[in-house]
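Undergrad: Sharing a structure with you now.
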Amino acid sequence: MINVRTILVADDDINIRQFLKIRLSYLGYNVIVATNGQEVLSILEKEKLDLIILDIILPQIDGYKVCRILRKFSRVPIILLTALANTLDRIRGLDLGADEYLTKPFAPDELEACIRSLLIRSRKRNDFNPLVIEVGDLKLNIIKKHVFKGGKLIRLTLIEFNLLQLLVDKAGEVLTRTAILDCIWGYTSYRYIDTRVVDVYVHRLRSKLEQDLSAPNLILTIRGKGYMFQIVGN
């Protein structure tokens, strides 16, 4: 029996709603549409969703608030599809738990690639076994998304945790900014506005984990290449 994935498209633009419903239905997805944030939350109470495509500028409850509410009880993949192209808007959306951030006008092929990638990652996450990773004085609980440093709980956002896990998993290896984008956000880009997001999140991680920001000894910058996690204290 074929497992049909259900996607919710939330946008106040009727043209975008209709276009995505027709195109994604043709690709074999079950598509539900919503016109405002309150409707999204109502649908979530009734339907089992595999993915949400969410505009930020929505009536009643905006997409940011929907993300914040949703992440309190669900890990369903979220793609923010919005006209807001500012880096700060992108960072805010990702901080609130969005998995992808695409700007309008968008390329349908790129959106569809993001959908496929997120559904694969979601399936792998659901099959994931409990793990605790210990490196130096850091301890990462992969299921609870908790990080302890020297026995003290360090509060990280979901994106910060995923970035740290990636760096720890690849300890001793240099990761380029584009490789990090691909692993954490599911797409590859060479645009400065995209790779700059990686720098912002690395700085945030350092501010929470490093003793001296001017001379980091955990997350190293490899000039002209990217970043590397250095094991200290093992």
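The values are calculated or read from the model by the stated rules, or taken from the named source; none is laboratory data. It should be emphasised that the depicted structure is a prediction, and the values quoted were computed from it without experimental measurement. Glycine gets a Cβ as well: all are built from the backbone with ideal geometry, and neighbour counts include every protein chain shown. Accessible surface is based on the protein model in full, side chains and every heavy atom, while ligands, DNA and RNA are left aside. Shrake-Rupley method; radii C 1.70, N 1.55, O 1.52, S 1.80 Å.
Undergrad: What are the ³J(HN,Hα) couplings of the stretch 8-22, residue after residue, when phi is run through the Karplus curve with 6.51, -1.76, 1.60 and θ = phi - 60°? Round to Hz, x for glycine and proline.
TA: Running phi through 6.51 cos²θ - 1.76 cosθ + 1.60 with θ = phi - 60° gives 9, 10, 10, 7, 7, 8, 4, 5, 5, 4, 5, 4, 5, 4, 5 Hz.
Undergrad: Further question: Write down the accessible area per residue of the chain in Å², having rolled a 1.4 Å probe over the full set of protein chains.
TA: 53
Undergrad: Identify which of the listed values of log10 I(q)/I(0) by the Debye sum over Cα atoms at q = 0.08, 0.12, 0.16, 0.17 Å⁻¹ was calculated from the structure shown: [x] -0.51, -0.78, -1.09, -1.16; [y] -0.32, -0.71, -1.16, -1.27; [z] -0.36, -0.74, -1.12, -1.21.
TA: The value matching this structure is [y].
Undergrad: Solvent-accessible area of Glu47, probe 1.4 Å, all protein chains present, reported in Å² to the nearest ten, please.
TA: Counting only protein heavy atoms, the figure is 90 Å².
Undergrad: To continue, here is another question. Given the pairs Lys46/Lys145; Lys21/Lys65; Lys48/Lys208; Lys104/Lys170, which are separated by over 32 angstrom at their Cα positions?
TA: Over 32 Å apart, Cα to Cα: Lys48/Lys208; Lys104/Lys170.
Undergrad: Fully extended, how many nm does the chain gain between Glu134 and Ile231 (0.36 nm per residue separation, minus their Cα-Cα distance)?
TA: Gain in length upon complete extension: 33.9 nm.
Undergrad: Residue by residue, what Karplus-based ³J(HN,Hα) values in Hz, rounded to whole numbers, does the stretch 50-61 have, using 6.51, -1.76 and 1.60 with θ = phi - 60° and x for Gly and Pro?
TA: 9, 6, 10, 9, 10, 7, 7, 7, 10, x, 6, 10
Undergrad: Asp13's amide H: which non-local residues (gap 5+, or another chain) put their own amide H closer than 5 Å, with H modeled 1.01 Å from N in plane and none for Pro or chain starts?
TA: none
Undergrad: A follow-up question, please. Taking R0 as 41 Å, what FRET efficiency do you get between Ile57 and Ile142 from their Cβ-Cβ distance, rounded to the nearest 0.05?
TA: The value I calculate is 0.75.
Undergrad: Starting from the Cα gyration tensor of the stretch 6-124, take the square roots of the eigenvalues, sort them a ≥ b ≥ c, and report rounded, prolate or oblate (rounded when a/c is under 1.5, otherwise prolate if a/b is larger than b/c, else oblate).
TA: rounded
Undergrad: Restricting to the chain, what percent of DSSP beta bridges are antiparallel, rounded to 5?
TA: Bridges in the chain are about 50 percent antiparallel.
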